[in-house]
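Quick notes on the structure that follows.
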Amino acid sequence: MTGPSTETLPPLTEDLEALAASADHYYLKSSSIVEKIVHNGRTFYSKFRRYDHAPNPILVSQHLRREVTLALPLLQEGFGERIVIEYLGEEPELFLQTLRHLFQHLGIDDYRCYQGKKGNKRTVILPVARQDLEQLHAEGGRLSDMLQTRLQKSWRILPDRRLPESYNIFTLPYGYIN
């Protein structure tokens, strides 16, 4: 198996609108720092402004035209239903090939691979049963450990308990990867 077939995937806009519909709030990227957050003794500076209502299809369209940068939360009330793997390394195809092999070995066949804004950025969204932050973090850590036996670490897995809630977000992607 080489991952989900593009023949069975809905159009990108429809897929992203479905992701957005599951959120009760969203984040838009600003050109300047919006908020200073102190979390577990660390200081974070966020450029994403939170809006406390569901995103609409117009925002998704604006994001795809690169007029705005739209991000969605991974946690709602401390629980989440997806793990996101963001890759920013130099070998995105090797990463995806290794990840697909790992998923096949683990019996995981429900995931989506997307193209990010930058040419080498890849975003993989893995739906999971509703879990709390600790369980999601542990499951993501296991995946990361398995990947790290084969590749140099050039990815991050979200949600991450070491990050504040407003950093446990993911920017919507810009295209599918076969």
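The values are calculated or read from the model by the stated rules, or taken from the named source; none is laboratory data. Nothing here was measured: the structure is a model prediction, and the numbers come from that model. Here the Cβ positions follow ideal geometry from the backbone for every residue, glycine too, while neighbour counts run over all protein chains shown.
Residue-by-condition table, conditions (1) over 26 Å from T43 (Cα atoms); (2) assigned to a loop (DSSP other than H, G, I, E, B):
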site: R100; (1), (2): yes, no
site: I125; (1), (2): yes, no
site: G141; (1), (2): no, no
site: K153; (1), (2): no, yes
site: I157; (1), (2): no, no
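Is it the case that the stretch 23-31 has a residue that's farther than 24 Å from Q135 by Cα, over 15 Å from the mean Cα position of the chain (by Cα) and assigned to a loop (DSSP other than H, G, I, E, B)?
Taking every residue of the stretch 23-31 in turn, at least one turns out to be farther than 24 Å from Q135 by Cα, over 15 Å from the mean Cα position of the chain (by Cα) and assigned to a loop (DSSP other than H, G, I, E, B).
Restricting attention to the stretch 68-88, does a residue exist that is surrounded by fewer than 16 Cβ atoms within 10 Å (Cβ to Cβ), modelled with pLDDT of 90 or more, closer than 20 Å to R156 by Cβ and out of contact with any strand residue (DSSP E or B) (no Cβ under 8 Å at 6 or more places or on another chain)?
Scanning the stretch 68-88 turns up no residue that is surrounded by fewer than 16 Cβ atoms within 10 Å (Cβ to Cβ), modelled with pLDDT of 90 or more, closer than 20 Å to R156 by Cβ and out of contact with any strand residue (DSSP E or B) (no Cβ under 8 Å at 6 or more places or on another chain).
For residues that are of a type in the set (A, V, I, L, M) and in a helix (DSSP H, G or I), scanning just the stretch 102-123, find the one that is nearest to Y174 (Cα to Cα).
L102
With T98, T123 as the choices, which residue is of a type in the set (S, T, Y), in contact with a Pro (Cβ under 8 Å, 6 or more places away or on another chain) and surrounded by 15 or more Cβ atoms within 10 Å (Cβ to Cβ)?
On the way: T98 fails: in contact with a Pro (Cβ under 8 Å, 6 or more places away or on another chain).
Unique residue meeting the criteria: T123.
State which residue pairs qualify: first residue farther than 21 Å from R161 by Cβ and inside the stretch 80-107, second residue surrounded by 19 or more Cβ atoms within 10 Å (Cβ to Cβ) and among the basic types (K, R) in any location, beta carbons under 8 Å apart, and separation of 6 or more residues or different chains.
Qualifying pairs under 8 Å: P92/R122; F95/R122; L96/R122.
Take I157 and decide whether it is within 17 Å of P92 (Cβ to Cβ), β-branched (V, I, T), out of contact with any Ser or Thr (no Cβ under 6 Å at 6 or more places or on another chain) and buried (at least 16 other Cβ atoms within 10 Å of the Cβ). Let's see the steps before the verdict.
Numbers: within 17 Å of P92 (Cβ to Cβ): yes; β-branched (V, I, T): yes; out of contact with any Ser or Thr (no Cβ under 6 Å at 6 or more places or on another chain): no; buried (at least 16 other Cβ atoms within 10 Å of the Cβ): yes.
So I157 fails the test.
Against the condition more than 26 Å from K29 (Cβ to Cβ) and without any contact (Cβ under 8 Å) to a residue 60 or more places away in the chain, how does E134 come out, does it pass? Give the steps one after another, and end with the answer.
Numbers: more than 26 Å from K29 (Cβ to Cβ): yes; without any contact (Cβ under 8 Å) to a residue 60 or more places away in the chain: yes.
Yes; evaluated as a whole, the condition is true for this residue.
May I ask you to list pairs of residues, at least six apart or on different chains, whose Cβ atoms are under 7 Å apart, with the first in the stretch 138-166 being closer than 17 Å to Q76 by Cβ and the second being in a helix (DSSP H, G or I) and modelled with pLDDT of 90 or more?
P159/L133; P159/L136; P159/H137; D160/H137; R161/L133; R161/E134; R161/H137
Search the stretch 16-44 for residues that are under 27 Å from Y114 (Cα atoms) and pair each with any residue that is assigned to a loop (DSSP other than H, G, I, E, B) and among the polar types (S, T, N, Q) when their beta-carbon atoms are under 7 Å apart and the residues are at least 6 apart or on different chains.
L28/T69; K29/T69
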